[in-house]
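What follows is one structure encoded as structure tokens, with my remarks underneath.
Bear in mind these aren't lab numbers, they're just calculated from the coordinates by the rules spelled out. Everything quoted here is computed from the prediction, not taken from an experiment. Counting neighbours? That spans all protein chains shown, and the Cβs are built from the backbone with ideal geometry, glycine included.
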Amino acid sequence: MENTGLSLVTVVLFLPLVGFSILLFIPDAQSRNIKYTALGTSLVTFALSLVMWANFDAANPALQMVQRWEWLPQYGIGYYVGIDGLNMIMVVLTTFIMSIGILSSFNAHVIQERGREKLYYLFMLLLQWAMIGVFVVQDLIIFYIFWEVTLVPMYFLVGIWGGEKRVYAAVKFFLYTMAGSILMLLALLYVGTQAGTFAVPEIIAGIQAGTISFPLDGLFSTQSILFLGFFIAFAIKVPIWPLHSWLPDAHVQAPTAGSVILAGVLLKMGSYGMIRFLLPMFPEASVAWAPIIALLAVIGIIYGAWVSFAQTDMKKLVAYSSVSHMGFIVLGIFAMTSIGIQGSIIQMVNHGISTGGLFLIVGMLYERRHTKDLAAFGGIWKAMPLLGAISLVVVLSSMGMPGLNGFIGEFTILLGSMGSTVLGIGFTVVAALGIILAAIYMLNFFQRIFMGELDKEENKNLPKLEWNEIAVLVPIVVLAIWIGLQPAPFMNPSDATVESLVAQVVPDTTTVAQLPEAGQGE
Amino acid sequence: MAYYPQLVSLIILIPAIGAFINIFWGARLGEKWVGTVATVASALAFVIAVLLFVYLEGSGYEAVVINPPIFDGWIQIPAGEVVIPWQQRVDTLSSTMMLIITGIGTLIHVYSISYMHGDARFHRYFAYLNMFLAFMLVLVTANNFLMMFVGWEGVGLCSFLLIGFWFDKAHGVGWRNTMAANKAMLLNRIGDFGVVMSVLIMFWTFGTTDYFRPAEIVNVHLAEEAAHAAEAAHSEEGAVAAEGEAANKPGDVVLAQEGEGEGAAAEEAHGEEHSTPGVVYVNNDHIETDQLGVFGQAERFLDEGRVIDIGPVQLPFSTWLTIMTLFLVLGVTGKSAQIPLFTWLPDAMAGPTPASALIHAATMVTAGVYIMVRSNVLFYYAPVTSFVVAMIGALTALVAGFIAMGQWDIKRVLAYSTVSQLGFMVAAVGIGAYAAAIFHLVTHAFFKALLFLGSGSVIHAMEHGHHHAHSHGHGHDDEHHGDDHHDAHEEEFDPQDMRNMGGLRRKMPLTFITYLFGTLALAGIFPFAGFWSKDEILADSWVAGFDNNNLAGYIVFIILLMAAAFTAFYMWRQIVLVFFGKPRTEAAEHAPESSRLITIPLVILGFFSLGIGFMNTPSYVLGLDNIFGAHLFTDRLEYSVSKAHASEFNLLIALGATALAVAAMFLANNIYRRSAIIEARRDPLEMLPTTAPFWSLANARMYWDAFYSRVFARPFTRIAYFLSDVVDWRFLHDYFHDVVIWKGFNAAAQGLSKPVDLGVIDGAVNGVGRVFGWLSSQLRQIQTGYVRTYALSLLVGVVLVILVILLPLLQRG
């Protein structure tokens, strides 16, 4: 990428802004143009992200397609983007989910009702820009800016086009994330000033070389505090139990596409941040805190699943299932094995696909019945056979049925967590119990909506799926099966990067024993 | 010729394609084509199974490992050294299973064409059936535990779909079916937890989940024997290996036929295809331990007494072995319906009867037995697990047999009978009688499929009879059957209740004769199939107990003997109630014999129920071994089940067990011929004060379901609601949020904003950009001022915080 001026990553990052600018000049009344401009932008971005994938060298663990522009060189702050095994697939996931989200909004009732269609799509593109930014940026300050910017469009998407308690949910969403972000901001400013640069790869290189070090001589020393500053921000985003209570509100109140994006991408910013920043920047603290965090993750797996079972609101049910699923992802990360982390990365994709799919399905049912109450349904399989069949695949994928994508992620995470030297086998056993609970709440979801007698008059003549509804569900089903049967193409890109990352964090398997001494070489 | 075994990929693909066609185009194809497509797909799979069988016969039973085209790799993580391939295995065990699955599967397809005629979802039924075949074949042909697990879950899914097939029936029946489907899925999921744990531990112990690597010899003993036989034949060449000491010495590696450099060949060969030119290995000593599959490594580890770390946990290998097999057993109790997870199977009868026959009697439920026999090496060396398995199996056989005696529903009796018979197989595995377990699996597949299909024929006839009886009075639409089978009359008439039957012997002679065959086979009456297989299990447990002094052997022998008596009793009770006496209802009076599509599969299965046992006649029985050969089946099986052994025939046990069965049948005959009591819809045993409490206990299914519902289901739900409402919502969501986060943030925001007057805030808003102002104006138009305040204060708060922190930083630099 030396000869050309622009890296493909930069192009992918700024395309949504280009679409955003075009959209600004389209008159509000031209609904069709607005929709297709937004969709076109997201599809082109998706296509280019695939080109990016095609040009990605999976064998190279380092950052690729790097682009750096200086901004405030005296502070070591600058535009610094690049992709490696950790974020490449996340960018593709983002562009994919955004295309799905935009397409699924085409006939959303709530947009027609509340109007401001253009604003809606403007926010969508802004959100896409910010989310890609979060994933590709390698500079702490710019990362933080993107991280905060994602809040704004999401805040308004929920606040304007959300459900009845949308304001409460939007503010709560904002508050929670803000609370965490401020801690992260403080931590990253400290890290940056100490290191003399905000460029993450350089900070990590410094830590590796020993030129930068944050002492760790107890659970609450400098490194631990910095670690926690980042961790709490990420933990709220993921969300890790018990910081999840914004999630059901946000999900229930958000419009369908908002939920899809929230579950599909926004939550992953937290888990991605853990892999990208926490592990390499604070390796000793990560190892020290791993059992505690893994414990929270495992509690989240069981708790989320159990609470999910008791829900009568479809969206809430799926929201709590997210808490459970994201627990798996966090467990995989803090297993600190390359198997676990790769499992987490693929599980982020899988969760995006299956939970995104679930929210789409719930949205489609909501569009038809204007209720999210499970009790309002029953026997829908007979009324809408295609939706029934697709939902079954998505539900099974979410349950972790082998042969579908969810299983690949969960199994790999369990495999990684069991072999972890920082965690014990007990974590794996309890987490694996989550697969039983997953079946309980997911089947409860499926059977109450789709099975049983089709006894309610209102449900007997539900309109068939629209073309755009089929168009968003089919790729989800195809990907669920594809990743389930052939996960290698989706997992290989992260292999080299994860391997080198783990080598940095856990140089050898006896780390646990050495922990107390680890931080003393200041 | 070399690619011949590659057909095993097609055996999965063809039913999968059949399912695909019927799912997508079935609705348009019409019943005739749907049935044809599905049946042809199944029949083709059967043809392939036969071809593979013939291939194995021709190749000296040597196992072949196939990498299917396209789907070669599966989960691969180079950094973590995880390689889990899609890989199939053709050997005598998988071949046996393939023949059973596709053979009985095809008959059931044919049968279903008639049975499901007129059903609104006819095409979907056949798609599920094809899909089931595909997954079941994945299960049995997989060469590693994880791929097996794909099939394992896949068949579970098909089972779920077929149990809940009539999910939309009226009067709450649909919901009952749905719940039955759910129950099956959930209890199986508990088992799956065990399988997953087992596979995880396996991976961290062996670094692989492959059964065997392609280069491995499964049964070293047989290979060495064969080599010695060959050597003896060409004794003039006499190149290698002294005769006597071949068994366990690592030195005598190779039989070099062409006089190649042995050492070099041994070095290069590991990981390679077995047929390295010119070199024939008689054991696996030339293969490095980590190049072996799970079972090969297990034996080495035991020899070495290895200690294995998984994460921070360090235990001797033998302990890990016990743990991993116990977890696997949990999976088995789910899939093969054993105590404690067996309660789903009787409910699973909500599905269409032919599906019950295929999935919940003949094939899927035996998957647990299959996987234990497949892992015979692991179980062989895990005595604790084996004991547990033996106890579970024996107890299940007894309990389910007992419950079956108190049921009125014709299918439910068969369901409990299936549970009981699976218990026989599991117990056989527990005492190390692996060949006997598979033998019983095979014979049971035939006669239990026969019985289920026979009961389907009866139920079908009862429905017809019922319609016939009522159509005169009500002018009932005679076309209306199949789909909504007993929708209309659910309340007043149950076509599966044996009290409504009686005298069908004369109405349905073919069904009766074949049903009788199935009954005699199940009861273990000479010379029917069940006699041979059940006797083998009993004889083996006798040997295990009384000759080898294995505690499990004694217990299993005694309990299974009792269970066998129960079996004979409840089956003859059924025969009497259904076929003998006089018709007790109009429906039974008008029950017609079923169509040919139904009776022909019955006849074929009846033939096998009579004859299939002879494939494994023990030696020295009435000279039968001269006709059929002695334990041919076991000999063949030994090539893939290395710990299998042929059992010795014990005339005393055979006579004793048969006598017991006959006595039980006589007893049942005497009791249930008293038709007056049955016409009063009571059971004679219910009337006798001595037997009444036992009968009620059996009739109430020993309160297993009630117990589970009280001890597990209800507390689970209650805790779920507690967590959801109290912990999550009232505490975390409301209290914690309102008091801690919300107020805390407000206080912080107040503290931050007080020093700065409003002018500055406004300035900041303008300064940072009109974007925020514009955005909030958008919001302002819709929302109340309340929101605006919060939104603004939040945004401004953010900006302020950033500025406050950044400014000194910038100045300092």
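Going from the residue with the fewest nearby Cβ atoms within 10 Å to the one with the most, B:Glu288, A:Glu117 rank B:Glu288, A:Glu117.
The peptide list A:339-348, B:339-348, put in order of mean Cβ contacts within 10 Å with the highest first, becomes A:339-348, B:339-348. Placing unit charges on the Cβ atoms of the charged side chains and taking the dipole of region B:1-143 about its Cα centre, the candidate lying farthest along the positive direction among B:Ala127, B:Asn67, B:Val50 is B:Ala127. Protection proxy ranking for A:401-412, B:213-224, B:523-534, using the average of other Cβ atoms within 10 Å per residue and placing the highest first: A:401-412, B:523-534, B:213-224. Look at B:Tyr708, B:Tyr111, A:Tyr120 and count the other Cβ atoms within 10 Å of each Cβ; fewest to most, that gives B:Tyr708, A:Tyr120, B:Tyr111. In this structure the amide hydrogen of B:Ile75, modeled in the peptide plane, comes within under 5 Å of the amide hydrogens of B:Ile84, none closer than 5 places in sequence on its chain. In terms of the mean number of neighbouring beta-carbon atoms within 10 Å, the peptides B:304-317, A:287-300, B:447-460 order highest first as B:447-460, A:287-300, B:304-317.
Cα centroid distance between region A:19-44 and region B:714-728, in Å? Answer, in whole Å: 46. Averaged over the residues of peptide B:718-725, the number of Cβ atoms from other protein chains lying within 10 Å of each residue's Cβ is 6. Comparing Cα centroids, region A:364-430 and region B:321-351 end up 22 angstrom apart.
Ignore the peptide's own chain and count Cβ atoms of other chains within 10 Å of each Cβ in A:382-389; give me the average, rounded.
Values: counts 5, 1, 0, 3, 0, 0, 0, 2.
Neighbouring Cβ atoms belonging to other protein chains average 1 per residue here.
Charges only on Cβ, +1 for Lys and Arg, -1 for Asp and Glu: so what's the dipole of region A:388-487 about the Cα centre, in debye to the nearest 20?
On the way: 4 positive and 7 negative charges, 40 e Å.
Magnitude of the dipole: close to 200 debye.
Counting Cβ atoms of other protein chains within 10 Å of each residue's Cβ and taking the mean over peptide A:185-193 gives 2. In terms of surrounding Cβ atoms within a 10 Å radius of their Cβ, B:Met98, A:Met131 rank from fewest to most as B:Met98, A:Met131. B:Asp683 sits among other residues whose Cβ lies under 11 Å from its own Cβ, and their net charge, with Lys and Arg +1 and Asp and Glu -1, is +4.
Could you compute the net charge surrounding B:Pro5? Neighbours are other residues with a C-beta less than 11 Å from the C-beta of B:Pro5; K and R count +1, D and E count -1. Intermediate values should be presented prior to the final figure.
Details: positive: B:Arg89; negative: B:Glu62, B:Asp91.
Net charge around B:Pro5: -1.
Would you mind calculating the relative contact order of region B:1-143 from Cα pairs under 8 angstrom and at least 6 residues apart, reporting the percent as a whole number? About 39 percent, as a whole number. What is region B:1-143 by shape, rounded, prolate or oblate, if you read a ≥ b ≥ c off the alpha carbon gyration tensor as root eigenvalues and call it rounded for a/c under 1.5, prolate for a/b larger than b/c, and oblate otherwise? Here region B:1-143 falls in the oblate category.
Mean separation of Cα pairs under 8 Å and 6+ residues apart, divided by the residue count of region B:121-214: what relative contact order is that in percent?
The value is 26 percent.
Take the cross-link list A:Lys268/A:Lys372; A:Lys315/A:Lys382; B:Lys411/B:Lys582; A:Lys237/A:Lys456; A:Lys315/A:Lys456; A:Lys172/A:Lys372 and give me the ones stretching past 28 Å between alpha-carbons. Mind dumping the intermediate values first?
Values: A:Lys268/A:Lys372 25 Å; A:Lys315/A:Lys382 22 Å; B:Lys411/B:Lys582 21 Å; A:Lys237/A:Lys456 39 Å; A:Lys315/A:Lys456 21 Å; A:Lys172/A:Lys372 21 Å.
Over 28 Å Cα-Cα: A:Lys237/A:Lys456.
Using a/c under 1.5 as the rounded threshold, could you call region A:1-65 rounded, prolate or oblate? The axes a ≥ b ≥ c are square roots of the C-alpha gyration tensor eigenvalues, and prolate needs a/b larger than b/c, oblate otherwise.
Prolate shape, in that a/c is at least 1.5 and a/b is the bigger ratio.
Modelled label positions at A:Thr371 and B:Leu315, each set 7 Å beyond Cα in the direction of Cβ, lie 5.1 nm from each other.
Taking amide H atoms as placed 1.01 Å from N in the peptide plane, the amide H of B:Ile308 lies under 5 Å from those of B:Leu315, B:Phe317, each 5 or more residues away in sequence or on another chain.
Other residues lying with their Cβ under 11 Å from the Cβ of A:Ala488 contribute a combined charge of -2, Lys and Arg counting +1, Asp and Glu -1.
Report the antiparallel proportion of the DSSP beta bridges in the protein assembly as shown as a percent, rounded to a multiple of 5.
Details: 26 of 27 bridges.
Here the share of antiparallel DSSP bridges comes out near 95 percent.
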